[in-house]
Amino acid sequence: MKRIFFLCSLLLVAGLTASAQSRYVMPEGMVDTADGMAYNLPQSPLAIDLVVEKEEVKAGPYARYALKCLGLRAPFSDKTSWRIVGADVALLEQEELVAKGLPLPTEQVGDLASMLPMDRIDLLQPTEEEAAMQAAKRIFQLRRTRLELISGEVGEHVFGEGLKSALEEINRQEQALLSLFFGTKTKRVETCRLTLIPEGNKKQYILCRFSEQEGLLPSTDLSGEIVMLDITPQSPYSVEEAPVKSTTIVPCRVAAPCNCSVQTAGRELVQRTLPLFEYGHTVQVLLPRKR
């Protein structure tokens, strides 16, 4: 059974390694704890974080007049696109290798005041083409004013912070007018965490799928590219084993360093080397003598 689940199921595996005494070696089988005998199964839960960016482009109301009024082409239709901008893979609940907390989503939020276009300065409603021409004239007027302020041709009493504030306001108004032609762009960045417990006989795991049009998708959605975790085990860590005739021994699971690579569409997003018990081996370790 595929043991992969989203962040909402994180608490189910949070305690799996709470009794860990070492990130590389752990007792295996029946162990004596403060609460009595318990069966310990060393496991290495993984947290895979995928950072995705959603970009929404909204076409401007005067897009069709951008070429005529400004000499530049503008997008005529809205567009939404996604891309994976980062990833990480780490162990859960194991000392400094624990996965970090997820960052809060970031988003550029528009102002409701922008519902009334800033080029409207009259009660009379001009035609769309007339409004576009007026907005274009205002853009060029703002640019002339900015150039005159910078060159000192006007505003001889405007300097220092006053000049800086005036230029910032001119830039703000120009960008607002340009957005009527070229639209607006909004970006949202968020992180999705997947958790997984590896299986010793399996080296590759389909985490989810990804589409530039839809973002992260379930692994069963064949419309997206596969996002895969590839695990390449190396030789387990070296631990001194007990002599064959020893009687005071305890079975211990020794982890193996593994290259954990998250990939999609032939591109490697991240690679980490982590100690995983599932790809290690079990050895008999001599118990220390009691003093």
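No value in this document is a laboratory result; all are computed from the given coordinates. It should be emphasised that the depicted structure is a prediction, and the values quoted were computed from it without experimental measurement. Every residue, glycine among them, receives a Cβ derived from its backbone with ideal geometry; neighbour counts consider all protein chains shown.
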Self-check item: Geometric extent, Cα atoms of region 162-291 - Rg, Dmax (angstrom)
Solution: 27.0, 88
Practice problem: Using packing as a proxy for protection, rank 251-264, 222-235, 79-92, 161-174 so that the peptide with the highest average count of other Cβ atoms within 10 Å comes first. | Solution: 251-264, 79-92, 222-235, 161-174
Quiz item: Principal axis lengths of region 28-80 from Cα atoms, whole Å, largest first?
Solution: 82, 16, 13
Quiz prompt | Rg/Rg_globular for region 209-253, with Rg_globular taken as 2.2 N^0.38 Å and Rg from C-alpha atoms | solution = 2.40
Quiz item: Under a point-charge model restricted to the Cβ atoms of Lys and Arg (+1) and Asp and Glu (-1), what is the dipole moment magnitude of region 183-290 relative to its Cα centre, in debye to the nearest 20?
Solution: 420 debye
